[in-house]
Amino acid sequence: MGLLRFCRISVCCWLLMMMTAVVLAAEGPELFVMGPDHSLVRLDASVLKAKASELYSQDRNFPSPEPVLFEGVFIVDLIGEAEGSVTLLSEDQYVASFPMGVLADSMAMLAWNENGRPIPRHRGGPLKIVFGNAANLHPSANAWYVKVLLSDRGQDLPLRMIRGPETHIFLGGQMPDNQRIAKQLLPPVPKGYRYDTERPRRQFLRGFILGDFLKDRYGAFTGVTLRSLSGQELRLVSSDIEGKDLFFFGLNEEGPLGVSRGGPWMLWVPVLKYPQLAVRLPNPDTLFFIYEMIVE
Ligand SMILES: Nc1nc2c(c(=O)[nH]1)N[C@H]1C(S)=C(S)[C@@H](COP(=O)(O)O)O[C@H]1N2
Ligand SMILES: [Mo]
């Protein structure tokens, strides 16, 4: 009796695993890019495969005696060489940014297959960056789990504010001065690789107190969902927000926060003041890459 039951369970588990594998394989690689209306557009496997190339190289994270055959898309083939710089965002909020010329010279590819098989998650898949020639790049340039690709044009992103059927496109530069706040701090920076490494320094970040920002535009609100380009979401209800110093930053001293610096908007929570809220953030005190808010 016991053995029969065990067998039945194993068969069920096995079937379930096979079905999951089929579904996952059918999905294939996907990548998000910025569309003309500043919403994220999904490039599915068929779009990516139409531009696919092969590359014999090494996975620098897992060196092997023989070269590996990668299948993927050269970043140059996705966006063309004319663009100034490119930022890649990964599911774990890791960011990697490069001048376009560096990506072209190093033959940077977003790869989904190695030796004919999908790249497993423990090796950086389903989509990871590999290079034909990466002699001069630090290993931290090998971005794993890549999800979003943004060119220069995508760096200075507006905020999409959505309530019901209406979408308002908010440009940081349009902020009325009387509503702005500025706070001097060592800016939080997402973990990642930046080709132009600039030492972080104490400076003024500009933006709003989140509650004031929402009240000013919408009057009463019951809650808000903040959406990050890398896929994380944070839902706050009005009692999380009202009367609290939750900082919503969109500019530094040079101008709008680029995505490689955690922009276009970031929510910064003073951890000591609001520890219960801070633990809900993917990074210790900050939700980076906020590009959309849904207001209720
Ligand atoms: N998505 C993602 N990619 C990433 C990282 C990360 O944390 N997340 N770490 C980077 C760093 S700092 C290095 S050194 C290499 C790590 O490779 P290793 O695990 O083979 O040492 O991957 C890079 N790619
Ligand atoms: Mo690293």
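The values are calculated or read from the model by the stated rules, or taken from the named source; none is laboratory data. Keep in mind that what you see is a predicted model, and the values were worked out from it rather than measured. Positions of Cβ are generated from backbone atoms using ideal geometry, with glycine treated the same way; all protein chains shown enter the neighbour counts. Note: accessible area is taken over every heavy atom of the protein model, side chains too, but ligands, DNA and RNA are not part of it. Shrake-Rupley method; radii C 1.70, N 1.55, O 1.52, S 1.80 Å.
Counting only strands (runs of 3 or more DSSP E) that sit wholly inside segment 170-263, those with at least 1 residues that are under 22 Å from the mean Cα position of the chain (by Cα) are 192-194, 203-209, 223-228, 233-237, 247-252. Put simply, of 138, 122 the only residue that is open to solvent by 40 Å² or more (accessible area, probe 1.4 Å) and touching a Phe, Trp or Tyr at 6+ places or on another chain (Cβ under 9 Å) is 138.
Tally up the residues in segment 275-290 that are assigned to a loop (DSSP other than H, G, I, E, B) and open to solvent by less than 30 Å² (accessible area, probe 1.4 Å), please. Residues meeting the conditions: 1. Of the residues making up segment 227-247, those that are within 19 Å of residue 291 (Cα to Cα) and in contact with a helix residue (DSSP H, G or I) (Cβ under 9 Å, 6 or more places away or on another chain) are 229, 236, 241, 246, 247. If you check 79, 75 for being surrounded by 18 or more Cβ atoms within 10 Å (Cβ to Cβ) and either of a type in the set (Phe, Trp, Tyr) or modelled with pLDDT of 90 or more (or both), only one passes: 75.
Screening 65, 99 for residues that are farther than 29 Å from residue 171 by Cα and surrounded by fewer than 18 Cβ atoms within 10 Å (Cβ to Cβ) leaves exactly one candidate, 65.
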